[in-house]
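See structure below.
The values are calculated or read from the model by the stated rules, or taken from the named source; none is laboratory data. What you are looking at is a predicted structure, and each value in this text was computed from that prediction instead of being measured. Ideal geometry is used to build each Cβ from the backbone, glycine not excepted, and the neighbour counts take in all protein chains shown.
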Protein chains: 2
Amino acid sequence: MSDLLERLRGRGWRMTAQRRVVAEVLDGEHVHLTADEVHARAVAKLPEISRATVYNTLGELVSLGEVLEVSTDKRAKRYDPNAHRPHHHLVCARCGAIRDVRPIGNPLADLPDSERFGFTVSDVEMTYRGLCPDCASA
Amino acid sequence: MSDLLERLRGRGWRMTAQRRVVAEVLDGEHVHLTADEVHARAVAKLPEISRATVYNTLGELVSLGEVLEVSTDKRAKRYDPNAHRPHHHLVCARCGAIRDVRPIGNPLADLPDSERFGFTVSDVEMTYRGLCPDCASA
DNA sequence: TCCTATATTGGACTTAGTCCAAGTCAAGCA
DNA sequence: TGCTTGACTTGGACTAAGTCCAATATAGGA
Ligand SMILES: [Mn+2]
Ligand SMILES: [Mn+2]
Ligand SMILES: [Zn+2]
Ligand SMILES: [Zn+2]
């Protein structure tokens, strides 16, 4: 994620301890944390970081296209650092576990003109639901 | 929607003025109202109906499978009476207009085993995004 | 018509998130 | 290296969406 920090510096960002910590927390694959989870992990590394700064930083990262907001459940938004390789999500209906998935085919092409109601369709978001191995065997 | 009222009576529901009004408000196609919108329209017909009752009734309808909860934007949940014919949604990114759509093919089959991570996948929810005719021409 | 389990109500409470005025500090410059 | 300053951070107040509850009302069966 230090390439992320580089890109941000390139865009004129001041490199503060808070922003560095948020970027660190958002590192890895299958990472889909809520703002409060990001805050909790950030506090572990930098105790004085505020909720407001976490929200600010996440919002900035989203509007720069470096992080995606996903709303797979009906609760808090989740923040997904895997923004540069398009993907969809598979969610456990019981425990909430989330995985990144890449279905085959092009779902945009599967919406016939007669079902477009004159819209200019540019994007599709898919959420698969089911039970993860742990929850299925319990 | 009076067949809905019949089904509810059959399930032992007391038929109150409040429940009748909520059911009336949720009538039609392409209906995707928030709880507050349902409440506002219900108040127009039955001024003394409370927010709590609207939430209670919507929750009951959802758990009976008569109404779907959809979260197409990141704001309030929307309530969709079109629960008996499976469908997906097409949302205008600018004004929020929502249409019911039926893509061709079976998106469940498009998720290869190697992308299932051992999950038992049972369902998929698709949200197409774009601009509605009005917003595209503005 | 009466009775009572079921439904409704208003308001307090919670959760997720936004906003702001005041204080702090990163980074360019002397 | 030390100043300066505008960008950044902070805590707390505020909002929106939704839940919960004790008190009250009523649908529908006896
Ligand atoms: Mn993801
Ligand atoms: Mn719908
Ligand atoms: Zn699970
Ligand atoms: Zn529109």
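Which residue is farthest from residue B:96 (Cα to Cα), if the candidates are limited to segment B:34-76 and must be modelled with pLDDT of 95 or more, small (Gly, Ala, Ser) and buried (at least 16 other Cβ atoms within 10 Å of the Cβ)?
B:42
Every residue in segment B:14-42 that is of a type in the set (Ser, Thr, Tyr) and more than 13 Å from residue B:55 (Cβ to Cβ), please. Reasoning before the result, please.
From segment B:14-42, those of a type in the set (Ser, Thr, Tyr) are B:16, B:34; that's our starting set.
Across segment B:14-42, the qualifying residue is only B:16.
Answer with yes or no whether residue B:37 is within 16 Å of ligand 2 (Cβ to nearest atom), without any contact (Cβ under 8 Å) to a residue 24 or more places away in the chain and not β-branched (Val, Ile, Thr).
Yes: the conditions hold for residue B:37.
If you check every pair at least six apart or on different chains, which have Cβ atoms under 8 Å apart with a residue in segment B:10-31 that is among the small types (Gly, Ala, Ser) first and a residue that is modelled with pLDDT under 95 and not in a loop (DSSP other than H, G, I, E, B) second?
Listed by first residue and then by second, the contacts come to B:23/B:4; B:23/B:5; B:23/B:8.
Out of (1) in contact with a Lys or Arg (Cβ under 9 Å, 6 or more places away or on another chain); (2) within 16 Å of ligand 2 (Cβ to nearest atom), the odd one out for residue A:127 is which?
(1)
May I ask you to say which residue of B:67, B:91, B:124 is within 16 Å of ligand 1 (Cβ to nearest atom), in contact with a Phe, Trp or Tyr (Cβ under 8 Å, 6 or more places away or on another chain) and not charged (D, E, K, R)?
Working: B:67 fails: within 16 Å of ligand 1 (Cβ to nearest atom); B:91 fails: within 16 Å of ligand 1 (Cβ to nearest atom).
Only one candidate qualifies: B:124.
Name every residue in segment B:66-113 that is on the phi > 0 side of the Ramachandran plot and within 14 Å of ligand 2 (Cβ to nearest atom), in order of residue number.
B:96
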